[in-house]
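The next block holds one structure in the form of structure tokens; read it before the comments.
Laboratory data are not the source of any read-out in this text; all were calculated from the coordinates shown. The structure displayed is predicted, hence computed values, not measured ones. No Cβ is skipped: glycine too gets one built from the backbone with ideal geometry, and neighbour counts run over all protein chains shown.
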Amino acid sequence: MKILAIDDQQLILMSLVKRLEDAGLEVKTASTAEQGMKLYDSYQPDLVILDINMPYISGLEVVKYIRQKRKSQTPVLIMSGKTGEETIKQAYELGINDFMKKPISLNEVLMRIQSLLGINPLQASFMEVHQNQYLHKYCVGVVIPCYNEENRISGKVFREFLQQNRGYHFCFVNDGSTDNTLAVLEQLRTGYEDSISIVNCVKNGGKAEAVRQGTLHLLQDRQLDYIGYLDADLSTDLSDFNELVNTLESSDYQIVSGSRIHRMGATITKQSARKIISKTINLIIQGLLGMGFKDTQCGAKVMDRNLAAVVLTNSFITKWLFDVEIFVRMRKIYGKERAKSLICEQPLKRWIHADGSKLSMRDSVTILGQLTRIAWHYRIAS
């Protein structure tokens, strides 16, 4: 059986293709509606899988082409994430056979395809292997700054997350490491070239610059809807980060920031001395920003790509407090009250301070001077 899959989000599409091919189906792909219509004529598929929201030409035009111009009854399955009821109604009126709204279970997609094609169900063992694997509504790029992380990067954890969560792209930034971090990252990327990239900075520039360089790299990929960053030691669990993304998807927020605020059911552990220093610094930051946020320094944040292009691409004046600068830039652009309404601070279920942190007690003292620089540079007024 031949399937034609048309979707501009190749990061999501290629993972679907792999699963369909694993199930014994032949698949060809197109990234635009125009390409899809041309390929339809030459390929003559048994089924078309289609997204509605694509650049230049809507997926609905493909349905019209198949049903009205080619007078064909080839089954059409639409998978889309940003589609209103009126558009869905229009799609059915044009003659689609089925509609699925992202995020979607890969197993459900396979079962729908089986039904449309009238083929035998796949073996239960195959379905079990691919259970809990989803195609997301949006594509997410995550910058992971790395400085001498060869002993703390868990390749297995990152790979397993990518296998279960289609639509993610990890951009590891080697920030001038003097150990074997780059070699570890290259090994991690092997076999995951479509969903893992590496930016190699020859000179160490600090976390702020590493995140900025990773963001500039990810912004070149137009399929990414959201861009965020995460610490390489996974002090914030990847499942927690995914919850930040879910909040961004289902709300009008422009940025969702993790928070290590202690709450019922949370596992938040940290060395006591660091805890005292962090609490003191956070109180100072709260006073500086005047926006009520409790934990600007958490190393897990995700935002709309358009916002990332505004607040993450210009050089930061500090190496460690760029998170504060992001909030300050938001305040400068939107005003204090509007900025507060666009930022969500979401408590994490798990956060653990990992051994080997690059921030020493001595470094913590210099933060006070950096906060003064931020206040002066951005001319923060109450």
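Data for the structure
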| item | result |
| --- | --- |
| Whole-Å distance, taken between Cα centres, linking the range 1-55 and the range 162-187 | 29 Å |
| Mean Cβ count within 10 Å, highest first, over the residues of peptides 250-261, 31-42 | 250-261, 31-42 |
| Contour excess over end-to-end distance, with Cα ends at Arg373 and Tyr43 and 0.36 nm allotted per residue | 112.6 nm |
| Alpha carbon centroid spacing (whole Å) that separates the range 75-124 from the range 146-161 | 36 Å |
| Karplus (6.51, -1.76, 1.60) ³J(HN,Hα), θ = phi - 60°, over the range 2-13, in Hz, Gly and Pro reported as x | 9, 10, 10, 10, 10, 7, 6, 8, 5, 4, 7, 4 |
| Dipole in debye (nearest 20) - the range 2-129, about Cα centre, beta carbon charges: Lys, Arg +1; Asp, Glu -1 | 280 debye |
| Packing-based exposure ordering (other Cβ within 10 Å, fewest first) of Phe99, Phe158 | Phe99, Phe158 |
| Residues whose placed amide H lies under 5 Å from that of Arg350, excluding near-sequence neighbours | Asp237, Thr267 |
| Added length on full extension, which subtracts the Cα-Cα distance from 0.36 nm per residue, Asn120 to Asp179 | 16.0 nm |
| Three-way shape label, the range 184-236, alpha-carbon gyration tensor, a/c 1.5 | rounded |
